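Student: One structure coming up, written as structure tokens, with questions to follow.
Computed from the coordinates by the stated procedures, all read-outs in this text should not be read as laboratory data. Note that the coordinates shown come from a computational prediction; the quantities given were computed from them, not determined experimentally. With ideal geometry, Cβ positions are generated from the backbone for all residues, glycine too; neighbour counts draw on all protein chains shown.
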Amino acid sequence: MSSKIPMPIRRYLPPAIGGAVLLIVWESLPRIFDISTLLLPPPSAVAASMWHLFDRGLLVGNFLVTLVEALGGFVIGSILGVFFAFLVTRSELIERMLLPYLIGLQALPKVALAPLIVVWIGIGIESKIAIAAVISFFPVLINAIVGFSTVEAEKIDLMRSLVASGWQQFRIVIFPNSLPFIFAGLNVGIVLSITGALVGEFIGADRGLGNLLLQLNYNMDISGMFAVLVVLALLGIILYALVRFLHIRLVFWAKPDNLRAGNN
Amino acid sequence: MTGSKMPLIDIRGVRKQFRSRSGIEIDALTDTTLAVEANEFICIVGPSGCGKSTLLRMIAGLETITAGSIDIGRARVTGARRDIGLVFQSPVMLPWRTILKNVLVPAEVLKMDMARARVRAHELLALVGLEGFADRYPDELSGGMRQRAAIARALMHDPNILLMDEPFGALDALTREAMNLELLRIWQASRKTVVLVTHSIEEALLLSDKVAVFSPRPGYVREVIDVPIARPRSAATRTDPVFIQLADRLRGFFQAEPGGGAGH
């Protein structure tokens with residue numbers, strides 16, 4: 001690492017080269033092998049489609065709809081996940097009443113609930129939020145349960161020796177101690193929440209990137225579909241980065257090594 | 001010292017049985033009797049696994065008593081009580097809190113006046129030699145410094161009794177010697193009643209007014225030896241003829257045990 005090349009170049013040049021190579025290969029593949037650009041549109045066509053969709057006002061609005069659905073569902077599902085984990089780990093009675101069913105539900109593919117939820121709540125944004133919430137609830141729940149139950153015995157002894165109440169133990173030791181676990185669940189949940197919103201839009205919606213994707217599909221506008229996929233990837237990156245940012249900020253004492261390495 | 005006949009901590013015929021995983025009852029402590037006078041510094045010395053830490057946890061009210069009784073100031077111990085400060089073998093710092101906020105944990109649990117608690121916490125950090133480290137996080141400090149912070153935390157709520165479970169056992173030999181002298185200085189300044197568990201004969205003699213010698217498991221107090229060495233003591237105390245003579249005598253206890261090592 002004792003190079004004289006400035007830091008930003010050293011850091012961003014390799015991925016830039018990799019991306020450029022990928023784009024060039026993708027651009028030239030249909031020409032070289034004579035594949036129809038309708039089936040495998042080159043990046044230039046995708047970029048044109050993206051501009052076209054943007055120009056017709058279809059990208060930003062639908063992007064925001066799906067963003068709100070995924071993020072709203074994620075926030076609701078995560079809060080419920082932490083709350084139920086709290087209940088289950090606080091009371092043995094509640095644990096024995098609820099946990100078998102929560103684990104049973106966990107085995108069910110949650111997207112299978114999506115048609116039902118759309119029937120119940122309708123084709124509006126609310127049903128997508130509900131689906132995203134259901135799907136991101138479980139990883140947060142499971143990880144929070146593990147986090148709330150994984151506390152060094154001596155930390156609890158310290159609290160007990162001070163005659164701390166159950167709530168004080170939770171607030172001062174158990175909850176902060178569980179944050180690395182909860183964030184492991186949140187990292188999974190945020191990605192799943194986009195899947196949930198998208199599946200909901202596939203089943204029945206009049207807005208959102210999933211709805212747009214289906215419409216383009218009906219019209220066989222494949223380069224348009226690619227453009228939507230790019231925007232979806234962007235959405236995923238933004239939401240994941242948001243959770244990562246909170247992760248680094250809030251769980252500074254237990255940073256994963258790969259996060260630390262990129263930051264000095 | 002005071003001549004009063006009522007000991008502060010009165011341990012009478014205490015037994016502790018554990019049920020092992022294979023269902024066998026194991027005696028950890030059998031018929032342990034010990035009296036600790038107010039403002040006395042007493043060390044419990046014994047081989048590993050003799051139940052000395054269990055006894056300390058029973059005094060702290062963290063462990064049930066199978067038979068016998070422990071009274072503190074005429075009150076039967078039935079659970080944890082807030083006039084005890086506890087120091088564990090490891091510092092048990094909360095890594096998401098600064099050193100100052102770790103020291104303030106007892107103040108928070110006991111709902112002390114926070115402005116005054118903060119002043120006291122800074123005084124205690126000065127007492128243990130950590131003035132400049134109030135706003136550092138535990139992982140920025142060495143093991144010895146973290147253990148000093150743990151001692152400051154144990155003194156935060158001004159308990160009558162300080163219970164220390166091999167507090168320097170995890171430190172290297174040089175740090176340990178320095179910490180012993182530090183503890184002498186801190187004790188001279190605060191004059192708590194201290195019960196310290198160790199398996200170091202030198203540590204016990206340097207620190208205490210009395211040494212309680214434990215037998216190997218099942219443990220009981222074989223003998224209580226007075227340490228008539230004048231205070232204040234220092235590193236030079238180790239060359240005092242009385243010190244050397246008592247160290248020999250204590251070693252004799254453990255060497256006599258077939259197969260039972262006394263540690264270092």
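Student: Do any helices (runs of 4 or more DSSP H) entirely within region A:103-171 hold 2 or more residues that are of a type outside the set (Asp, Glu) and within 14 Å of A:Ala85 (Cβ to Cβ), and if so, which? Step through it out loud before you land on a result.
Tutor: On the way: elements: A:114-121, A:125-149, A:153-161, A:166-169.
Correct list: A:125-149.
Student: Looking at B:Thr193, is it of a type in the set (Val, Ile, Thr), over 11 Å from B:Ile44 (Cα atoms) and surrounded by 19 or more Cβ atoms within 10 Å (Cβ to Cβ)?
Tutor: Values: of a type in the set (Val, Ile, Thr): yes; over 11 Å from B:Ile44 (Cα atoms): yes; surrounded by 19 or more Cβ atoms within 10 Å (Cβ to Cβ): yes.
Yes.
Let's see how each residue does on (1) assigned to a helix (DSSP H, G or I); (2) touching a residue at least 24 places away in the same chain (Cβ under 8 Å); (3) surrounded by fewer than 19 Cβ atoms within 10 Å (Cβ to Cβ):
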site	(1), (2), (3)
A:Leu39	no, yes, yes
A:Ser49	yes, yes, no
A:Gly57	no, no, yes
A:Gly73	yes, yes, no
A:Gly77	yes, yes, no
A:Val82	yes, yes, no
A:Arg96	yes, no, yes
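Student: What number goes with the only condition from (1) outside any strand (DSSP E or B); (2) in contact with a Phe, Trp or Tyr (Cβ under 8 Å, 6 or more places away or on another chain) that B:Gly61 does not pass?
Tutor: Here B:Gly61 clears every test but (2).
Student: May I ask you to list the residues in region A:138-151 that are of a type outside the set (A, V, I, L, M, F, W, C) and surrounded by fewer than 17 Cβ atoms within 10 Å (Cβ to Cβ)? Talk me through it step by step, then tell me what you get.
Tutor: At the first step, the residues of region A:138-151 found to be of a type outside the set (A, V, I, L, M, F, W, C) are A:139, A:143, A:147, A:149-150.
Passing the criteria: A:Ser149, A:Thr150.
Student: Consider A:Thr89 against the criteria (1) over 30 Å from B:Arg57 (Cα atoms); (2) of a type in the set (Val, Ile, Thr); (3) in contact with an Asp or Glu (Cβ under 9 Å, 6 or more places away or on another chain): it satisfies all of them except one. Which criterion is unmet?
Tutor: Here A:Thr89 meets the rest and fails (1).
Student: If you scan region A:157-179, which residues turn out to be buried (at least 19 other Cβ atoms within 10 Å of the Cβ) and more than 10 Å from chain B (Cβ to nearest Cβ)?
Tutor: Of everything in region A:157-179, those that are buried (at least 19 other Cβ atoms within 10 Å of the Cβ) and more than 10 Å from chain B (Cβ to nearest Cβ) turn out to be A:Phe170, A:Ile174, A:Ser178.
Student: If you go through region B:103-116 one residue at a time, how many are within 12 Å of another protein chain (Cβ to nearest Cβ) and either hydrophobic (A, V, I, L, M, F, W, C) or touching a Leu at 6+ places or on another chain (Cβ under 8 Å) (or both)? Before the answer, list the steps.
Tutor: We begin by selecting, within region B:103-116, every residue within 12 Å of another protein chain (Cβ to nearest Cβ); these are B:104-112.
Okay, now just the ones that are also either hydrophobic (A, V, I, L, M, F, W, C) or touching a Leu at 6+ places or on another chain (Cβ under 8 Å) (or both), so B:104-107, B:109-110, B:112.
Count: 7.
Student: Kindly indicate whether any position in region A:135-149 is within 14 Å of chain B (Cβ to nearest Cβ), under 25 Å from B:Asn102 (Cα atoms) and either of a type in the set (A, V, I, L, M) or in contact (Cβ under 8 Å) with a residue 24 or more places away in the chain (or both). Step through it out loud before you land on a result.
Tutor: Kept after step one, since they are within 14 Å of chain B (Cβ to nearest Cβ), are these residues of region A:135-149: A:147.
When the remaining residues are screened for being under 25 Å from B:Asn102 (Cα atoms), the result is A:147.
Now restrict to residues that are either of a type in the set (A, V, I, L, M) or in contact (Cβ under 8 Å) with a residue 24 or more places away in the chain (or both): A:147.
Yes, because at least one residue in region A:135-149 is within 14 Å of chain B (Cβ to nearest Cβ), under 25 Å from B:Asn102 (Cα atoms) and either of a type in the set (A, V, I, L, M) or in contact (Cβ under 8 Å) with a residue 24 or more places away in the chain (or both).
Student: Here's another thing I want to ask about it. State all residues of region B:79-99 that are assigned to a loop (DSSP other than H, G, I, E, B) and touching a Lys or Arg at 6+ places or on another chain (Cβ under 9 Å); if no residue qualifies, say none.
Tutor: B:Gly79, B:Ala80, B:Ser90, B:Pro91, B:Val92, B:Met93, B:Leu94, B:Thr98
Student: Among the numbered conditions (1) in contact with a Phe, Trp or Tyr (Cβ under 6 Å, 6 or more places away or on another chain); (2) within 14 Å of another protein chain (Cβ to nearest Cβ); (3) surrounded by 19 or more Cβ atoms within 10 Å (Cβ to Cβ); (4) over 14 Å from A:Thr89 (Cβ atoms), tell me where A:Glu154 comes up short.
Tutor: (3)
Okay, residues lined up against (1) crowded, with 22+ Cβ neighbours inside 10 Å; (2) more than 14 Å from chain A (Cβ to nearest Cβ):
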position: B:Leu62; (1), (2): no, no
position: B:Asp83; (1), (2): no, no
position: B:Arg97; (1), (2): no, no
position: B:Lys101; (1), (2): no, no
position: B:Arg118; (1), (2): no, yes
position: B:Glu131; (1), (2): no, yes
position: B:Arg148; (1), (2): yes, yes
position: B:Ala152; (1), (2): yes, no
